[in-house]
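*Asks:* I have a structure here, written as structure tokens, and I will follow up with some questions on it.
What follows draws every value from the coordinates through simple rules; no lab data is involved. Just so it is clear, the structure is predicted and the values come from calculations on it, not from any experiment. Please note: Cβ atoms are built from the backbone with ideal geometry, for glycine as well, and neighbour counts cover all protein chains shown.
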Amino acid sequence: MQFQQLQYFVAVAETRHFTRAAELVHVAQPSLSQQIKALERELGADLFLRARGNITLTDAGEALLPLARRILADADTARHEVQELVQLRSGRVRLGATPSLCTGLLPDVLRSFHDRYPGIQLLIEESGSHDLVRELARGALDLALIVLPLPPASPALTTVELLREDLVVVSSPEATAPGRGRGGVKISDLEGERLVMFRHGYDLRELTVAACRSAGFEPGFAVEGGEMDAVLGFVRSGLGVAVVPRMVAARSGRGLRVTPLARPGLHRTIALAHRSDVAPPRAARELQRMLLER
């Protein structure tokens, strides 16, 4: 009994037509008929009652059908499991993340993932959440770390909350401390401060500007348009102060004064996202697991 014969048998049983079954399994109809006859000889029983325009299962065919379906399903499962294992030895994961998360959260997790799966290529797309959502939607990314809430009119994404992070104020130790030396900085204390501001499209820019406006003032910028590393460098040089995630400040604190924001402070919620209509590949799911369990 051959695996291919069982495929042909199930196709005929489901279509009740030899020609349509042959088209379904992409084989010539005479070849399919020959394999069915060879299977019947092997089993010592007819599997179909053949009447013009009417193909029905015999008792032997009825008995074989659920067993054949199970064998084929088990074979598909075996093939899938082997392919899944192969994917963890080679392949790639396309991960998007905001620049602050590339600096703060990802290095340790990616090192652990690479140590465990050295054959998997890690492709990192560094951008703002809005851009990452668009990249997910067009299939250019498997996973993305984004800031919630999702932008309006976002595509269908599945999101899992990863962490809620405080924002802090960083400044040069040589400059006057923001907040007049108190233990925490109020948003209102930033009025009159020269801010080093991220480029348009950064979630941190939108969050900081919105908080200042809610406190009744329009923020002033010493310089704007930078990425995370540039912003931290400008602050170290004394150009101004910046509002950044606590995790970034902790990793990049050398040469910076870090001051918490007074209650209620500012926070951001980080989520792991992928398209709802497409399951991430096995390697991406493994990276997702490691991020969630970090």
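*Asks:* Output the 0 to 90 degree angle, nearest 10, between the alpha-carbon long axis of helix 29-43 and the longest principal axis computed from the alpha carbons of the chain.
*Replies:* With rounding to tens, the tilt is 70 degrees.
*Asks:* Restricting to DSSP loop positions (anything but H, G, I, E, B) with no more than 16 other Cβ atoms inside 10 Å of their own Cβ, which chymotrypsin sites (Phe, Trp or Tyr not before Pro) remain in the range 160-218?
*Replies:* Passing both the DSSP loop test and the Cβ count: 217.
*Asks:* Compute the FRET efficiency between residue 177 and residue 108 as 1/(1 + (r/R0)^6), taking r as their Cβ-Cβ distance and R0 = 30 Å, and round to the nearest 0.05.
*Replies:* The computed FRET efficiency comes out at 0.45.
*Asks:* Which whole-Hz ³J(HN,Hα) couplings does the range 61-78 yield from phi under the Karplus relation 6.51 cos²θ - 1.76 cosθ + 1.60, θ = phi - 60°, glycine and proline marked x?
*Replies:* x, 4, 5, 6, 4, x, 5, 5, 4, 5, 4, 5, 5, 5, 5, 5, 4, 4
*Asks:* If you take every DSSP beta bridge whose two residues both sit in the chain, what share of them, in percent to the nearest 5, is antiparallel?
*Replies:* The antiparallel fraction comes to roughly 60 percent.
*Asks:* Cα axis of helix 106-116 to longest principal axis of the chain: angle in degrees, 0 to 90, nearest 10?
*Replies:* Roughly 30 degrees, rounded to the nearest 10.
*Asks:* Further, regarding this structure: Under the definition of Cα pairs under 8 Å and six or more residues apart, what whole-number percent is the relative contact order of the chain?
*Replies:* On the way: 462 pairs, mean separation 61.1, N = 294.
Relative contact order here is 21 percent.
*Asks:* Okay, next question. Quote the FRET efficiency, to the nearest 0.05, computed for residue 156 versus residue 28 with a Förster distance R0 of 35 Å and r equal to the Cβ-Cβ distance. Please report the intermediate quantities before stating the final value.
*Replies:* Working: r = 42 Å, r/R0 = 1.21.
Step by step, r from the Cβ atoms, then E = 0.25.
*Asks:* Any idea what the relative contact order of the range 65-210 is, in percent, if you count C-alpha pairs under 8 Å spaced at least 6 apart?
*Replies:* Relative contact order for the range 65-210 comes out at 21 percent.
*Asks:* Follow-up question, since we're still on this one. Given an 8 Å cut-off on Cα distances and at least 6 residues of separation, report the relative contact order of the range 17-82 as a percent.
*Replies:* It rounds to 19 percent for the range 17-82.
*Asks:* Which one, (i) 21.2; (ii) 23.6; (iii) 19.7, gives Kirkwood radius over Cα pairs in Å as derived from the coordinates shown?
*Replies:* (ii)
*Asks:* If you don't mind, there's one more thing I want to ask. Could you work out how far apart the two model spin labels at residue 206 and residue 186 are, taking each label as a point 7 Å from the Cα in the direction of the beta carbon, and quote it in nm?
*Replies:* Output for this residue pair reads 2.8 nm.
*Asks:* Taking the Cα atoms only, what angle lies between the long axis of helix 3-15 and the longest principal axis of the chain, rounded to 10 degrees?
*Replies:* 90
*Asks:* Name the residues whose placed amide hydrogens come within less than 5 Å of the amide hydrogen of residue 57, ignoring near sequence neighbours (fewer than 5 apart) on the same chain.
*Replies:* 49
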